[in-house]
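The values are calculated or read from the model by the stated rules, or taken from the named source; none is laboratory data. Because the structure is a prediction, the values reported are computed rather than measured. Cβ: placed from backbone, ideal geometry, glycine included. Neighbour counts: every protein chain shown. All accessible areas refer to the heavy atoms of the entire protein, side chains included, with ligands and DNA or RNA removed. Shrake-Rupley method; radii C 1.70, N 1.55, O 1.52, S 1.80 Å.
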Amino acid sequence: MQTITLAIHGGAGTILKEDMTPELEQAYYNGLQEALNGGYAVLEEGGSAVNAIKAAIVILEDNMLFNAGRGSVFTKKGVQEMDAAIMDGKTLDAGAVTGVRNVRNPIELATEVMRNSNHVFLSGKGATDFAIKQGIKLEPDEYFFSQFRYDQWKAIRDSDNYSLDHTHQHLEELMKDKKFGTVGAVALDAEGNIAAATSTGGMTNKKYGRIGDSPIIGSGTYANNKTCGISCTGHGEMFIRSVAAYDVSCLMEYKGMSLKDAMEVVVNEKLVKMGGEGGMIGVDARGNAVMVLNSAGMYRAGRSSNGWNELAIYK
Amino acid sequence: MKRLLLFFMCSMVILSSLFAQQKGDYILVIHGGAGTITRQNMTPEKEAVYRSVLQKALETGYAVLKSGKSSIDAVEATIRVLEDDPHFNAGKGAVFTHDGRNELDAAIMNGRTLAAGSVAGVTTIRNPISAARAVMEKSEHVMLIGKGAEQFAKEAGLQIVDPKYFWTKERWDGLQKALKEDSIKAKLDHSFNQQTDQKKLGIINIDYKFGTVGCVALDNNGDLAAGTSTGGMTNKKYGRVGDAPIIGAGTYANNNTVAVSCTGWGEFYIRNVVAHDLSALMEYKGLSVSEAGKTVIEKVGKLGGDGGLIALDKNGNMTMPFNTAGMYRGAIKKDGTIEIYIYN
């Protein structure tokens, strides 16, 4: 019987046990478990990898704890701009959006771009116009509002600091007890198809219409039935420069590496050398799942019909 | 016997290295877009204009390299020539979006440091390639879009122009034609590909002009750089972003391997991560730059896409493959020898 596997992440960064309260930790575990269960149920019912990762990510986007969809961080102007991408490893079809506002589930919009547009990558107001035309669910600004994210933004609004996902370099005080994150999912379905997706609210206080790696096919998100599905989280600029997600696939296809070896090379050698903090999750065509991080923690969970089960935060 | 074998192997090594050195004379390669560029659609006068602009761009980049400056300097200077010329779909002379705007994208990458910068959807920056460079060198980010990118460019001291600066009659007429022909589906500016899925592409494109510009260069220090600049697709909607500003898709440079700039149907280049794929085929599979170039263009074709690319490896070997009727392209060698081609 074909193995089915789902792995998800809720962001990587300086996530330390000593900064966490037991309640918050439990809330993260619950959020991850709920998303994993939601996505895995789709696979168990014979659903596609694309639908499974979409289901898992919708749950994470709807969860205030994670920096995607509801609960996204604020930009310099005090608005929330979200990015998402999805890729189907069977057809190499892909869809991505960047800088969208008021779209309840950016991953739904990315999927719509993949399935029902001539394009791969839509941005800004144009992407929102496309969402309206296609009947994608919108929400008012208040829906995305989270007091915690807002306080975080206000505190650094007038500084030139910006904060990554979960890195509290500039923000140690502020982020002492709460952490942030991109979300992502990869899956192998019963038909042997692989898919990958990522969704994020980006960096707190980001300026200048910055685009990170999440919506960039090949950098933050990539899937190919021949090799693997990958979703990344971390210092986006470094993941773009190293074309991180696709590099894993290339190392497997052209160099014959295993998924694990390829991910180790990219995350723990190449990215470390560049100073790129973060991690990634991956699944290969045989249903092996791998989660590699070079930061202190990454919210992550996974399950496979081969018996693999994981729910973890710290390294 | 053993000694004979050793002698034989040594001479092979010497011979092959000599051969590689002979081939490796190129220091700068450019393209001005790929698409349905055929002799039938060209007048001798028009062809002469295109050739002279390509020559000017090559000479500009060559002079920069000969003065001892970096490949990044050369790529920027060369692309600025092509952006400033109204015949190419980049900078002045860019095609119009559905809303009648010129939205420009550009990217640049340094093969030595793997530093990169790109801008997308900008409407007021005279030379988007210089904005991409400023993002690479003066910001903490790699990719900026829209108004934010324009604000950054302004703060970085780049020349800001009224959007009218980019207007040309030919491109405007192109949009009007496209709008009349099909108000729903955007068309690839330069493609007239009847083999592709009509439903997906929309109606065949009656606009025979071509676009994206790009440059790859190798400097005296052995550093590679790549840059790409474009006005995108005529009649594009929904804030579409193509491959040109995407590091790994339309633009990539790595001193270990190669510098690449792509042109063509961007969606396919994004899905295939073409520029990085070419580099990976060389680094991980040991292919030559021309084998790798041929392979990635075949992969684009297999998915139903078309276009071309230019690639220059760390040893000065280059390739300029495409699967369209033509691609404006040219190269210059260390000794100043220039080659310019348009058709297949």
(message) I need the helices (runs of 4 or more DSSP H) fully contained in region A:7-125, keeping only those with at least 3 residues that are open to solvent by 20 Å² or more (accessible area, probe 1.4 Å) and touching a residue at least 40 places away in the same chain (Cβ under 8 Å).
(response) A:22-44, A:49-62
(request) Scan region A:224-250 and report the pairs whose first residue is on the phi > 0 side of the Ramachandran plot and whose second residue is among the polar types (S, T, N, Q) and open to solvent by less than 10 Å² (accessible area, probe 1.4 Å), with Cβ atoms within less than 9 Å and a gap of 6+ or a chain change. (result) A:Gly234/A:Thr182; A:Gly234/A:Ser295; A:Val243/A:Ser219; A:Val243/B:Ser279
(message) Yes or no: region B:67-81 includes at least one residue that is of a type in the set (Asp, Glu) and either away from chain A (no Cβ under 14 Å) or in a strand (DSSP E or B) (or both).
(response) yes
(request) Spot the failing condition for B:Thr97; the list is (1) open to solvent by less than 30 Å² (accessible area, probe 1.4 Å); (2) more than 14 Å from chain A (Cβ to nearest Cβ), and only one is missed. (result) (2)
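Quick one: which of A:Tyr254, A:Tyr246 is under 24 Å from B:Asn255 (Cβ atoms), open to solvent by less than 10 Å² (accessible area, probe 1.4 Å) and within 12 Å of chain B (Cβ to nearest Cβ)? So that I can check it myself, show each step before the final result.
Working: A:Tyr254 fails: open to solvent by less than 10 Å² (accessible area, probe 1.4 Å).
On inspection, the qualifying residue turns out to be A:Tyr246.
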(request) For region A:207-224, name all the residues that are facing chain B (nearest Cβ under 8 Å) and open to solvent by 10 Å² or more (accessible area, probe 1.4 Å). (result) A:Lys207, A:Tyr208, A:Gly209, A:Arg210
(message) Name the residue that is farthest from B:Ala225 (Cα to Cα), counting only residues in region B:101-120 that are touching a Ser or Thr at 6+ places or on another chain (Cβ under 6 Å) and part of a strand (DSSP E or B).
(response) B:Asp105
(request) Mind telling me which of the residues A:Thr227, A:Thr198 ends up being within 14 Å of chain B (Cβ to nearest Cβ) and at pLDDT 95 or above? (result) A:Thr227
(request) Return a yes/no flag: does region A:278-292 have any residue that is open to solvent by 40 Å² or more (accessible area, probe 1.4 Å), more than 26 Å from A:Gly39 (Cα to Cα) and polar (S, T, N, Q). (result) no
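Could you tell me which residue of region B:84-102 is nearest to B:Met42 (Cα to Cα), considering only residues that are among the polar types (S, T, N, Q) and in contact with a strand residue (DSSP E or B) (Cβ under 9 Å, 6 or more places away or on another chain)? Can you show your working first?
First, pick out the residues of region B:84-102 that are among the polar types (S, T, N, Q): B:89, B:97, B:102.
Going one step further and asking which of them are in contact with a strand residue (DSSP E or B) (Cβ under 9 Å, 6 or more places away or on another chain), we end up with B:89, B:97.
On the way: B:Asn89: 17, B:Thr97: 25 Å.
Step by step, filter region B:84-102, then rank; the result is B:Asn89.
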(message) Take the conditions under 21 Å from A:Asp88 (Cα atoms) and either open to solvent by 20 Å² or more (accessible area, probe 1.4 Å) or not aliphatic (A, V, I, L, M) (or both) and apply them to A:Asp261. Does it pass?
(response) no
(request) Considering (1) facing chain A (nearest Cβ under 8 Å); (2) at pLDDT 95 or above; (3) not in a helix (DSSP H, G or I), say which one B:Lys237 fails and leave the rest. (result) (2)
(request) Kindly check whether there is at least one residue in region A:68-78 that is over 30 Å from A:Ile15 (Cα atoms), touching an Asp or Glu at 6+ places or on another chain (Cβ under 6 Å) and more than 14 Å from every other protein chain (Cβ to nearest Cβ). (result) no
(request) With the condition kept exactly as written, say whether any residue in region B:282-296 is surrounded by 24 or more Cβ atoms within 10 Å (Cβ to Cβ), more than 14 Å from the chain's Cα centre (by Cα) and either free of Cβ contacts under 8 Å to residues at least 12 places away in the same chain or within 24 Å of B:Asp105 (Cα to Cα) (or both). (result) yes
(message) Looking at region A:85-139 only, could you name the residues that are more than 8 Å from chain B (Cβ to nearest Cβ) and among the charged types (D, E, K, R)?
(response) A:Asp88, A:Lys90, A:Arg101, A:Arg104, A:Glu108, A:Glu112, A:Arg115, A:Lys133, A:Lys137, A:Glu139
(request) Determine whether B:Met143 is facing chain A (nearest Cβ under 9 Å), out of contact with any His (no Cβ under 9 Å at 6 or more places or on another chain) and on the phi < 0 side of the Ramachandran plot. (result) yes
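From the list A:Ala190, A:Ala185, which one is within 22 Å of A:Ser48 (Cα to Cα), among the aliphatic types (A, V, I, L, M), modelled with pLDDT of 95 or more and out of contact with any strand residue (DSSP E or B) (no Cβ under 7 Å at 6 or more places or on another chain)? Show your work before the answer.
Values: A:Ala185 fails: out of contact with any strand residue (DSSP E or B) (no Cβ under 7 Å at 6 or more places or on another chain).
Exactly one residue qualifies, and that residue is A:Ala190.
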(request) Could you figure out which of (1) within 14 Å of chain A (Cβ to nearest Cβ); (2) at negative phi isn't true of B:Gly121? (result) (2)
(message) Can you say whether B:Gly316 is open to solvent by less than 10 Å² (accessible area, probe 1.4 Å) and of a type outside the set (A, V, I, L, M, F, W, C), as far as the supplied structure shows?
(response) yes
